[in-house]
Amino acid sequence: MSYEKGQLDVEWTPIEQEAARATKVLHPTETLPVPAQRRIVAVANQKGGVGKTTSTVNIAAALALRGLKVLVIDLDPQGNASTALGVDHHSNTPSVYEVLLGEISIADAAAVSTQSDNLVCIPATIDLAGSEIELVSMAARETRLKEALSTEALDHLQADYVFIDCPPSLGLLTVNALVAAQEVLIPIQCEYYALEGLGQLLNNIELVKAHLNPSLRVSTILLTMYDGRTKLADQVTSEVRGHFGDLVLRTVIPRSVKVSEAPGYGQTVLAYDPGSRGAMSYLDAAREMAVRGANGETG
């Protein structure tokens, strides 16, 4: 990269490049298109360690930093999305657990993230860990979240996007997310066994579509943990693109220490290290999702 200083063409140093990227993230000059209809996206993969929560919070933060109103629902009892968004989720905090039980509304549980005023989160507390057992005996157990996410409730929060961070399992919590959502985003890591268990997830999505939510569709595949130094990453990328075609985003998320470190500081990578390659990649992925949605290219 170079720029002109007077008559000189001066090469940017790596530090200058990173500073320029950070400025682009923190002081954006662009806004992203508002979707024609509110998008409710379940982020799911029952395989752990694929970047599911990381992708949820960083794409949500990127959209919010570009002017869109975003709601994140933390449906994973570990509460990692709540942590990354800087939202309190200790026991007795109003949370998605009480929402599922019908005790409070989503507005009562929603908390503004430290990452952006445009970003709110319904946190998960440890109480959620036992909720699957409690839900089994409840009426309409598969539709509890959908009922809570009524048009009126989401209008009150002015949400353009709703992201539901699913637990790494295919239990009742994930089923609730799939019933409430319109779309599914599946993160797939560029490593061994990347597609392991994916068939089971796709079968469950088809079952939910057939019996509970006819409008559900897989709209987005996101490749994560890409290491360009390995042939394996390219092989997995080719395999996934060959199988899923245009559902796969062009943007690939690189394996990054900064992306891994950020949640430990209660931040997204866009806040923790906005000049990093990981931050720019998630910004690009969010932009691609937004543009696809505005053009009606969501599966």
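Miscellaneous remarks
- Binned Cα-Cα distances of the range 150-299, short to long, each 10 Å bin given as a whole percent: 10, 34, 39, 16, 1
- Mean residue ellipticity (222 nm) of the chain, computed from DSSP H runs ≥ 4 via -39,500 (n - 2.57), nearest 500: -11500 deg cm²/dmol
- As a size descriptor, the averaged projected area of the C-alpha convex hull of the range 168-219 was calculated at 3.5 nm².
- Spatially, the range 181-258 and the range 103-178 are offset by 23 Å when compared through their Cα centroids.
- Cut-off of 10 Å, at most 12 other beta carbons, DSSP loop: longest stretch of the chain lacking such chymotrypsin sites (Phe, Trp or Tyr not before Pro): 1-191
- Here the spin labels are modelled as points 7 Å beyond Cα on the Cα-Cβ line, and at Lys258 and Gln200 they lie 3.6 nm apart.
- Relative contact order [Cα under 8 Å, 6+ residues apart], the chain, whole percent: 25 percent
- Set of aspartates and glutamates near Lys231 by C-alpha distance (under 17 Å), chain-local residues within fewer than 8 positions excluded: Glu191, Glu239
- Share antiparallel - DSSP beta bridges, the range 40-188, percent rounded to 5: 10 percent
- Amide N of the range 240-266 lying under 20 Å from the label point, which is placed 7 angstrom from the Cα of Tyr192 along Cα→Cβ: 240, 255-256
- Here the range 32-178 is treated as a Stokes sphere of Kirkwood radius computed over C-alpha pairs; at 37 °C and 0.692 mPa s its diffusion coefficient rounds to 220 µm²/s.
- Carbon and sulfur %, accessible surface of the chain computed with the full protein complex present, 1.4 Å: 52 percent
- DSSP bridge analysis restricted to the chain gives an antiparallel fraction near 20%, rounded to the nearest 5.
- Cα long-axis angle, helix 198-211 against the chain (0 to 90 degrees, to the nearest 10): 50 degrees
- Calculated SAXS-style log₁₀ I(q)/I(0) at q = 0.13, 0.27, 0.31 Å⁻¹ - the range 73-126, Debye, Cα scatterers: -0.24, -1.02, -1.27
- Mean separation of Cα contacts under 8 Å, 6 or more apart, over the residue count of the range 223-299: relative contact order %: 29 percent
- Amide proton proximity set for Lys69, modelled H, under 5 Å, gap of 5+: Asp160, Tyr161
- The chain has equivalent-ellipsoid semi-axes of 32, 22, 18 Å, by the square roots of 5 times the alpha carbon gyration tensor eigenvalues, sorted largest first.
The values are calculated or read from the model by the stated rules, or taken from the named source; none is laboratory data. Model, not experiment: these values are computed from the prediction. Here Cβ is always computed from backbone atoms with ideal geometry, including for glycine, and neighbour counts include all displayed protein chains. With ligands, DNA and RNA removed, areas are computed over all heavy atoms of the protein, side chains included. Shrake-Rupley method; radii C 1.70, N 1.55, O 1.52, S 1.80 Å.
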